[in-house]
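The block underneath contains the structure these notes are about, expressed in structure tokens.
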Amino acid sequence: MFLEITELKKSFKNADTKTEVLKGISFSVEKGEICILLGPSGSGKSTLLNIIGGIDSADSGSVRIAGEKTADMNEKALTRYRRKHLGYVFQMYNLIPNLTVKENIEVGSYLGSNPLDINELLHTLGLYEHRSKLPNQLSGGQQQRTAIGRAIIKNPDILLCDEPTGALDYQTSKEILKLIEQVNHRYGNTIIMVTHNDAIRNMADRIIKLRDGQIRTNSRNEAKIPAAELEW
Ligand SMILES: Nc1ncnc2c1ncn2[C@@H]1O[C@H](COP(=O)(O)OP(=O)(O)O)[C@@H](O)[C@H]1O
Ligand SMILES: [Mg+2]
């Protein structure tokens with residue numbers, strides 16, 4: 001298995017209360033799969049993604065990517081792991097306001113050893129004509145495309161997406177989902193995407209449902225449909 005999550009537990013402590021947010025999560029994802037994490041708000045989806053992404057740590061359990069266990073890594077190795085393996089796309093695009101589209105995407109390439117060709121990527125993203133614009137001259141969808149470009153330019157093994165269409169309207173959401181699917185086909189990145197839109201499950205290879213920090217269901221989708229045909 002390419003990504004193996006084993007018995008992950010995580011609590012957050014406030015003054016004198018302790019909230020158990022992940023209560024022993026285990027699942028695996030194969031290389032090149034699209035895995036959708038579904039679940040109501042507060043079920044622990046972002047916490048799980050942050051731990052996979054190495055930007056938060058678990059209390060116990062393990063995350064293994066290609067056999068490497070993140071908990072065994074020191075700070076330096078973890079930084080290298082994030083750079084080598086992971087791209088992150090958030091609901092809010094977090095672009096740098098005074099950099100152009102092209103420059104925002106290139107920010108991501110300094111972190112990788114084998115980046116994709118910027119001009120080819122701009123075409124894939126449908127941003128080539130917009131490459132010299134600033135983020136405030138773009139629509140929400142174009143901003144999210146730029147953010148996806150920034151995450152994908154280093155050609156990471158895994159692309160983590162936390163509600164990437166959460167701030168977008170129906171048509172734009174579909175465009176973004178089509179783009180994520182296209183990136184998966186073209187570059188073979190494993191995709192882990194959090195959503196609370198139930199319809200998006202249909203484009204996935206694997207569907208994992210969380211509730212209250214536990215996995216309710218984990219299934220392979222045998223009837224995968226293209227993002228372009230999703231309806232909600
Ligand atoms: N840094 C934190 N400190 C305290 N509680 C947190 C922190 N991050 C998340 N939580 C709590 O953990 C629970 C799960 O949050 P989260 O993983 O963001 O859920 P989701 O992404 O599924 O909406 C929520 O109850 C949230 O309030
Ligand atoms: Mg969340």
Does residue 79 satisfy the criteria of being touching a Phe, Trp or Tyr at 6+ places or on another chain (Cβ under 6 Å) and either of a type outside the set (A, V, I, L, M, F, W, C) or within 15 Å of ligand 1 (Cβ to nearest atom) (or both)? no
Selection from region 80-100 of residues that are over 13 Å from the mean Cα position of the chain (by Cα) and under 9 Å from residue 147 (Cα atoms): 94, 95
Any chance region 42-52 includes a residue that's closer than 22 Å to residue 155 by Cα and either free of Cβ contacts under 8 Å to residues at least 24 places away in the same chain or assigned to a loop (DSSP other than H, G, I, E, B) (or both)? yes
In region 1-33, which residue that is at pLDDT below 95 and of a type in the set (Val, Ile, Thr) is farthest from the chain's Cα centre (by Cα)? 17
Exclusive hit being more than 16 Å from ligand 2 (Cβ to nearest atom) and crowded, with 21+ Cβ neighbours inside 10 Å, set 107, 101: 101
Here's a check for you: in region 26-51, which residue that is over 26 Å from residue 225 (Cβ atoms) and among the β-branched types (Val, Ile, Thr) is surrounded by the most Cβ atoms within 10 Å (Cβ to Cβ)? 51
Let me confirm something: among 199, 223, which residue is hydrophobic (A, V, I, L, M, F, W, C) and part of a helix (DSSP H, G or I)? 199
Please indicate, with yes or no, whether at least one residue in region 54-61 is within 26 Å of residue 196 (Cβ to Cβ), over 15 Å from the mean Cα position of the chain (by Cα), assigned to a strand (DSSP E or B) and within 13 Å of ligand 1 (Cβ to nearest atom). no
Matching residues in region 193-231 - criterion: being buried (at least 17 other Cβ atoms within 10 Å of the Cβ) and either out of contact with any Asp or Glu (no Cβ under 9 Å at 6 or more places or on another chain) or at pLDDT below 95 (or both): 195, 200, 201, 207, 208, 209, 210, 215, 230
Identify the single condition in (1) over 15 Å from residue 208 (Cα atoms); (2) within 16 Å of ligand 2 (Cβ to nearest atom); (3) in contact (Cβ under 8 Å) with a residue 60 or more places away in the chain; (4) part of a loop (DSSP other than H, G, I, E, B) that residue 31 does not satisfy, given that it satisfies every other one. (2)
Among the residues that make up region 164-173, is at least one of them within 14 Å of the chain's Cα centre (by Cα), surrounded by fewer than 21 Cβ atoms within 10 Å (Cβ to Cβ) and modelled with pLDDT under 95? yes
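The values are calculated or read from the model by the stated rules, or taken from the named source; none is laboratory data. Because the structure is a prediction, the values reported are computed rather than measured. Because the Cβ atoms are built from the backbone with ideal geometry, glycine has one as well, and the counts that use them run over all protein chains shown.
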